[in-house]
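S.K.: One structure, as structure tokens, below. Some questions next.
FYI, it's all coordinate maths here, none of it is from the lab. Since the structure is predicted, the reported quantities are computational estimates derived from the model, not experimental observations. Methodologically, a virtual Cβ is constructed for each residue, glycine included, from the backbone with ideal geometry; neighbour enumeration extends over all protein chains shown.
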Amino acid sequence: MSLKARAQEKVERAGISNYSFDQDVLVMCGHRYTIEVCECGEPECDGVRLRKNATAIGRVLQ
């Protein structure tokens, strides 16, 4: 399963329906998140980390 598909599954499992993808960036509730591999090793980890994309915030403010 691709990283993007795992991120989509994670969002849907959380009950969030207002999201989309712009290339490989998750856009959810007006915020952009970079999708990364999580290698924390926790038994319940789904292998996906969503990191708020601060670069997009800077572009909006300029």
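S.K.: Please go through segment 32-48 and pick out each residue that is over 17 Å from Ser2 (Cβ atoms) and either surrounded by 12 or more Cβ atoms within 10 Å (Cβ to Cβ) or in contact with a helix residue (DSSP H, G or I) (Cβ under 9 Å, 6 or more places away or on another chain) (or both).
M.R.: Correct list: Arg32 only.
S.K.: I'd like the full set of residues that are within 14 Å of Arg49 (Cβ to Cβ) and either of a type in the set (D, E, K, R) or in contact (Cβ under 8 Å) with a residue 40 or more places away in the chain (or both), limited to segment 10-27.
M.R.: Result: Lys10, Asp24.
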